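In what follows, a structure is listed as structure tokens, so that the remarks can point back to it.
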Amino acid sequence: MTDLCCREVSEFLMEYFDNTLPEDVHAGFHGHVATCQNCRVFLEQYRETIVAGQMACKDEGAADCPEDLVRAVMTALGKEPKA
Amino acid sequence: MNEAALTAGLRAVDEQVFETLVRTYGGRLLAVARRMLHEEEDARDAVQEAFINAFRSRHTFKGDAQISTWLHSIVVNVALMKLRTRRRKPEESIQDFLPRFLPDEHHAEHFPSWTEPVDVALSRKETADMVRKAIEALPETYRTVVLLRDIEGLSTEETATLVDTTPNAVKIRLHRGRLALRTLIAPHLAGAHA
Ligand SMILES: [Zn+2]
């Protein structure tokens, strides 16, 4: 089959990284990427973007819960009807 | 001890256990709510509401699930509810952030390589801040799906149920959201630290 174009490669990036590329586009996808430097860079940056998002958000949750929020929650719970 | 005293005692134990839960998981839930809602006050409200919902349904918690997962799904639900009720401004188009193509279907743009591995770049606080701001700048429909799928680690199906759409729509939004996020962060990662 014929190779994909840049636009099609861009549309199939998610499937590529999920390993769910449709059987019939598999060869065409790899055929294009092998010859197109721009798409190789783009493909790698697509993957790195996901990693960047995960890394940027990773440490945020390590912080303690602010004491005034703990108090606010416990005060609100105290007003809950008795079970 | 009469029954009323016993009930009060159980309740006190429940509250004590709950305070430990709030201290243990509150920070993490607050981070989730901040990412989804931005406004500090909204985020705190969401966490408080989530713990109240959790307290009310504490007897339905199944021991085979993880408490952190259970609380996480409650706060995500509360935050999504808040997003729905406060949505008023028309959403910006994502089109400007997607790759453009020439009539011959080649990329219209040349992509310079990034100057260092992404984990090295992200170890700098200012780069991590930049990426968080870029996520924040995504149009809400896409940002929510990127957050739920890539950051919070939910499945396509779970995300589809939560945002009330089809798994296929989730996949399309996730893909476009990632493409847009790449466009937003790329200028900062190509050449800036060469
Ligand atoms: Zn190409």
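Summary table below
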read-out	value
Selection from the range A:10-36 of residues that are near the ligand (Cβ under 9 Å from one of its atoms) and facing another protein chain (nearest Cβ under 9 Å)	A:10, A:36
Residue in the range B:99-119 that is under 19 Å from the mean Cα position of the chain (by Cα) and either of a type in the set (A, V, I, L, M, F, W, C) or not assigned by TED's automatic domain parsing to the domain that holds residue B:173 (or both) present	no
Test result for residue A:75, farther than 20 Å from residue B:111 by Cβ, polar (S, T, N, Q) and more than 16 Å from the ligand (Cβ to nearest atom)	yes
Residue satisfying condition, being more than 16 Å from the chain's Cα centre (by Cα) and not assigned by TED's automatic domain parsing to the domain that holds residue B:74, within set B:174, B:162, B:154, B:179	B:179
One residue from A:70, A:41 being among the β-branched types (Val, Ile, Thr) and either buried (at least 19 other Cβ atoms within 10 Å of the Cβ) or more than 11 Å from the ligand (Cβ to nearest atom) (or both)	A:70
Filter result for residue A:41 (over 30 Å from residue B:53 (Cβ atoms) and more than 10 Å from chain B (Cβ to nearest Cβ))	no
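For (1) in contact with a Pro (Cβ under 6 Å, 6 or more places away or on another chain); (2) among the β-branched types (Val, Ile, Thr); (3) within 11 Å of chain A (Cβ to nearest Cβ); (4) within 26 Å of residue A:37 (Cβ to Cβ), each residue gets a yes or a no:
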{"position": "B:77", "(1), (2), (3), (4)": "no, no, no, no"}
{"position": "B:93", "(1), (2), (3), (4)": "no, no, no, no"}
{"position": "B:124", "(1), (2), (3), (4)": "no, no, yes, no"}
{"position": "B:128", "(1), (2), (3), (4)": "no, no, yes, no"}
{"position": "B:133", "(1), (2), (3), (4)": "no, no, yes, no"}
{"position": "B:157", "(1), (2), (3), (4)": "yes, no, no, no"}
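The values are calculated or read from the model by the stated rules, or taken from the named source; none is laboratory data. Since the model is a prediction, treat every value here as computed from it, not as a measurement. Don't worry about glycine lacking a Cβ; one is built from the backbone with ideal geometry, like all the others, and counts go over all protein chains shown.
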